[in-house]
Amino acid sequence: MSRRKLQQLVESLGRSAKHFNKSEVECLIKLFNALVKRPGQSNSRFAGVGFDRNMFRDTLHSAFGMTDVMLMDRVFRTFDRDNDSCISVVEWVEGLSVFLRGTLEERIKYCFEVYDLNGDGYISREEMFQMLKNSLLKQPSEEDPDEGIKDLVDIALKKMDYDHDGKLSFMDFEKAVRDENLLLEAFGPCLPDLKWQTMVFQPAPSAGL
Amino acid sequence: MGAALSRAAQWTAAGSGTGTLETTSLNESVLNEIIKFLEDVCTTHPQEAAFIFREPLEWETELSCSVFGEETVQSEAKGKDGQPVLLRTASTVRVRSFDQLSHLLQNAMEKKSKEAQACLEANRDPIVKILGPEYGTVEGEDLSMLHLLDKVKKDDDPETETIRRIILLLHQLDLQLLNSSLKHISQDIRLNPAAVNNEVNLLKNFSGKGEDTVLESLEYTSDYMFSNGCRAPPWRQAHGEICYLVIKPHDTDPLYITCSTAGVFLNGGKDDIDYERKSDVYKDIVTFLRERSPKFVENMAKQVSGQSQNLHETPTEKNILVIFIIEFSYRTLNCRFEDISESSSETEEDEEQPIRRQEGNTDLPSEYWGIQKLAKYLKGGNPTATVIALCSMRDFNLAQETCQLAIRDVGCLEVLINLLDTEEIKCQIGSLKILKEISQNTLIRHAIADLGGLEIMVKILDSPDKDLKCLAAETIANVARFKEARRTVRQHGGIKRLVGLLGCNSVGSSSLTSYQAKDTEMARCGALALWSCSKSTKNKEAIRKAGGIPLLAKWLKCSHANILTPVAGTLQECASEPSYRLAIRTEGMIENLVKNLSSEHEELQMHCANAIFKCAEDKETRDLVRQHGGLAPLSVLLGNSENKQLLAAVTGAIWKCAISRENVSKFRECKAVEALVGLLTDQPEEVLVNTVGALGECCQEPINRTTIRKCGGIPTLVKLLTGTDQALLVNVTKAVGACAAERENMTIIDRLDGVRLLWSLLKNPNPDVQASAAWAICPCIENAKDAGEMVRSFVGGLELIVNLLKSKNKEVLASVCAAITNIAKDEENLAVITDHGVVPLLSKLANTNNDKLRRHLAEAISNCCMWGSNRVTFGETKAVAPLVRYLKSNDPSVHRATAQALYQLSEDPNNCITMHENGVVKLLLAMVGSTDETLQEAAAGCIANIRRLALATEKAKYG
């Protein structure tokens, strides 16, 4: 990438990704380039354009310690604004802006999008079940192992479904989180822990910066 | 010796940092032991004695230069860094080794203990100076042993070796000191199961087969231990018995002993326990065995003295063992000290111990099942499920006792506390939010403490997450409402961390950024927790040591009531300690306390008023309150008669402030006296005590006495004389006495039979009440019409007051002498009290150093001389010679009273001779030159009488 092009990109992203300053944006762009050009990935057809699903998943795992595959895919979909299954440099910086530094409002919106698996604007009972199905220790004594999960979904609905329509609208979700911040990641971790926040800007030497 | 010095020695309370050792027998013996130790060290351990201290011990010496020879002295020996080991400049000495220390004390001769005392006073923790700060004496746990072990492991250089030996020596000294001070206070100690158990375990470590052990065996008769730690059967526990032991010493038959709370004694044991006591009672098992088994004594000595010789070997297991033995026995001692001091110092009201209620299983409330269901997800869910369950649990009404107890009973409390110990911040926060709510309940508080929750929460205070810290501190604030919890917080370093929460820099700005708002919130939570903790005396001290005072002072300047309230609450709680009172004055907190008296939050007003109440014992503080304009708002607050706690605090503050005359004038301007009189009816006791105290002080200004009468206060005051509360009686008698100084008031008091009521209070068992009543009687007699008749009308009254001269209390004696002075003005009454033997009783008191008593005693003697042969009797009962010595006192009022008494006594020739023999003439000649005319006159009259006698004798001799 030429020096001038980089400069332009930094300028425009500096405006759209408002939680980062210019040097941070530049740092992230360099990180993006380094990660995308990683050896072994060069023959990928998206090389030089952006992350594909697997690369992004690996990055989330190694940089933020995320483990839940399904949620990582959802994070990928949320970052991928234009739905082309590839995260461009603009999507990367703008996505991270919310991911790392987002206001409560932005993070509520982001989490809701992550949890709304089919993108219909609601988190349904089934979607919750899907996301929570691994959250309990399996107890061999129980006849129906799903029973516990179903109950947990009921508990979550009872807590958050203010309009009693059996599913969570964005309004429901927002109200619940504003009421109790702990519910922001109610259905699984999709934001970095506090301790990760600064690490992105101290790239490991292997990143080649 | 750090522990002994900080715990055992009795320091006078003074400002922060320095204090002086009181002159008590306990301290004296501590000093002597230390001196003896120093002398011994130089002879028996020359190598250690030459060790150069890390820093010199420095103090102001009283030794004259002659001891040293010159003005500035240095020793020839120098330390490694070239500094001399002994350096004296002007009156300061700096010493850097035991050697020099001991030399110096030897040269000091009889001033030895003076110097040692000065040295210890200037160096409160000498070990820090000697060995370095890492060996300092720490409250709670002593880490010096562990430091030492670390070092021993790491290196082998001879320096460490020496330090190791010195620290052992010092520890031995420490033990010795603690032991000897224990002897002093051991009368108060009662054995408890824990102490017995510790001792038995310790002895067991040294028992077994073989020549060197102290005992062959030592066994409990029963392996079963009741939950209270006793092994005796319940019906014997009722007699205070703790357990029974069978001890086999090497040299006698097996001993069957009983350990009871009263001590240790031999029972009539063998096969079946015979509970009958067969020997004296000893304070502990070791003391008992020392009496019974010579072999025990011998081997015990081997175990202890062997240590220092063994130390020349490389660090072996044995050495380490020795260290732990010392450490251990030291702990046991400490633990006893803790018991004593806690029980004596913690007089604050504590919440009642929870009573476990019997809950029937029949009709469990629906909440129970709901909570039980959620508990399942807490126990078996991953963090996501746990957070959902925690949030859902908060939808139950956690303020309701059913829910609180349900959480405990389904085993949720353990899980909640375990969650605190995880890395998951969200779970920790969720759990603390619940704990914070349910810890409003006493039973839950105790359960949390029992489950070790406090320790974990104290640890959380180190977390980087501010929300988490806030929640932990708030929960600690709730849990630490009882003594054991407060102690746990202190012993796990909680106080220091909580003080740390106050330490951020955003005080004072009125517009807060979100970041500053967090800091303020953190300080608020920290202050809340400190407030709860500050109800224990030791925590007050810990807060001070952790540097909490300046931080509290800083936050007191801010303007947010929600943080001011806990800060002021903590301060008023801590103001019971002199060090805090001094700090509150010197750190400029009075200004802010005064400012917040005008706050709109009643609770804050109350804490500020309470703080002033406690601090205004000092004159300077009273002046500061006036200078910062605090008297007017206090007067205004008297109008708020609904909030009784606030009223009690405000009247208390007014009472103490009114001790200064200038403040009384200010209160008069604010019409406080009228308001106070209005508060004399229908108020709870604590308000009454303070109100009446305040009125008593206000009477310093004569015009206020009139005001009280005009407002109709006299009858209410007299009525209060029939009360029973001792504190109230002390204040009421004082107030009535002060009012009686005015004739019109006296007429009312007399009409209401107030003097009789005062007189009957002389029978009160409390000496404070007695003294206060006797003082009040004086102005009554002075100002009553026909006082003599009135006094005679009290049947048995004169005998009663004369008999009070047998009291042991100086204040009572002084007040009774003052009353007798007034009674004796009436000749008939003087005759009656003479019959009751007032003269010998007064004479008996003559040998006193108390100037107040001297003055009133001299006045009483002078007035009693007016009847019959009393002058002669005073001479016969040897009152004259001591009186002459009173003239050497520094108090001019004593001189005047004494001169008058001597003048009266000198009418009798024999007294003149006694006086002359005691050198009265020279003393009186000086008094003749006084500016006080009464004194002049009395002194001159006395000399004239002596002179006349001399002339008469000469005339008789030579015709």
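Computed from the coordinates by the stated procedures, all read-outs in this text should not be read as laboratory data. If you're wondering where the values come from, they're calculated on a predicted model, not measured in any experiment. Positions of Cβ are generated from backbone atoms using ideal geometry, with glycine treated the same way; all protein chains shown enter the neighbour counts.
If the limit is 24 Å between Cα atoms, which of B:LYS595/B:LYS619; B:LYS644/B:LYS671; B:LYS734/B:LYS878; B:LYS734/B:LYS808; B:LYS436/B:LYS496 go over it? Before the final figure, lay out the partial values.
Values: B:LYS595/B:LYS619 20 Å; B:LYS644/B:LYS671 20 Å; B:LYS734/B:LYS878 34 Å; B:LYS734/B:LYS808 21 Å; B:LYS436/B:LYS496 21 Å.
Flagged as over cut-off: B:LYS734/B:LYS878.
Just counting partner chain Cβ atoms within 10 Å, what average do the residues of peptide B:377-387 show around their Cβ? Please report the intermediate quantities before stating the final value.
Details: counts 6, 0, 2, 6, 6, 7, 4, 13, 12, 1, 8.
Per residue, the average neighbour count from other chains is 6.
Orientation-averaged projection of region B:631-790 equals 8.3 nm² [convex hull of Cα atoms, one quarter of hull surface area].
Hey, got a sec? Which GluC sites (Glu not before Pro) in region B:407-440 land in a DSSP loop and have at most 13 other Cβ atoms within 10 Å?
Values: sites: B:GLU414, B:GLU423, B:GLU424, B:GLU437; in loops: B:GLU423, B:GLU424.
Passing both the DSSP loop test and the Cβ count: B:GLU423.
Between amide H atoms placed 1.01 Å from N, distances below 5 Å from B:PHE51 occur with B:PHE98, all of them 5 or more places distant or on a separate chain.
Quote the FRET efficiency, to the nearest 0.05, computed for A:LYS133 versus B:GLN516 with a Förster distance R0 of 45 Å and r equal to the Cβ-Cβ distance. If you can, show how the numbers build up before the last one.
Values: r = 44 Å, r/R0 = 0.97.
That gives a FRET efficiency of 0.55.
As a proxy for reagent exposure, A:TYR122, B:TYR220 were ordered by neighbouring Cβ count within 10 angstrom, fewest first; the result is B:TYR220, A:TYR122. Between amide H atoms placed 1.01 Å from N, distances below 5 Å from B:VAL264 occur with B:TYR282, B:LYS283, B:ASP284, all of them 5 or more places distant or on a separate chain. Taken over the C-alpha atoms, region B:837-959 has Rg and Dmax values of 13.7, 47 angstrom. In region B:712-813, if every C-alpha pair distance is counted and binned at 10 Å from zero, what percent goes to each bin? P(r) for region B:712-813, in whole percents per bin: 17, 52, 29, 2. Using a simple spin-label model with pseudo-atoms 7 Å out from Cα toward Cβ, A:ASP146 and B:ASP40 lie 8.2 nm apart. Among the trypsin sites (Lys or Arg not before Pro) within region B:614-687, those in coil by DSSP and having at most 14 neighbouring Cβ atoms inside 10 Å are B:LYS671. Counts of other chain beta carbons within 10 angstrom of each beta carbon in peptide A:179-188 average 5.
Can you pull out the chymotrypsin sites (Phe, Trp or Tyr not before Pro) in region B:855-940 whose DSSP state is coil and whose Cβ has at most 10 other Cβ atoms within 10 Å? Filter output for region B:855-940: empty list. Normalised by 2.2 N^0.38 Å, where N counts its residues, the alpha-carbon radius of gyration of region B:605-662 equals 1.01. Counting neighbouring Cβ atoms within 10 Å and putting the fewest first, the residues B:HIS103, B:HIS607 line up as B:HIS103, B:HIS607. Measuring r between the beta carbons of A:ASP165 and B:SER641 and using R0 = 41 Å, the FRET efficiency lands at 0.15. In summary, the lysines within cross-link reach of B:LYS376, defined as a Cα separation below 19 angstrom excluding same-chain residues under 8 places away, comprise A:LYS133, A:LYS138, A:LYS150, A:LYS158, A:LYS159, B:LYS426, B:LYS433.
Projected label points at A:ALA34 and B:GLU216, each 7 Å from Cα along the beta carbon direction, are separated by 7.9 nanometres.
Charging the Cβ of each Asp and Glu at -1 and of each Lys and Arg at +1, and nothing else, the dipole of region B:375-473 about its Cα centre rounds to 180 debye. When B:SER635, A:SER124 are arranged by Cβ crowding within 10 Å, least crowded first, meaning fewest neighbours, the order is A:SER124, B:SER635. Taking 7 Å steps out from each Cα toward its Cβ at B:ALA399 and A:GLU105 produces label points 3.2 nm apart.
Stretching the chain fully between B:LYS825 and B:ARG124 yields a gain of 246.8 nm (0.36 nm per residue, less the alpha carbon separation).
If you take the alpha carbon radius of gyration of region B:724-768 and divide it by 2.2 N^0.38 Å, what ratio comes out, to two decimals? Intermediate values should be presented prior to the final figure.
On the way: Rg = 10.8 Å, N = 45, 2.2 N^0.38 = 9.3 Å.
So the Cα radius of gyration is 1.16 times the expected 2.2 N^0.38 Å.
Which value, in Å to one decimal place, does the Kirkwood hydrodynamic radius take for region B:821-908 when every pair of different Cα atoms is included?
The answer is 12.6 Å.
Semi-axes of the equivalent ellipsoid of region A:68-133 are 21, 14, 10 Å, computed as sqrt(5λ) over the eigenvalues of the C-alpha gyration tensor in descending order.
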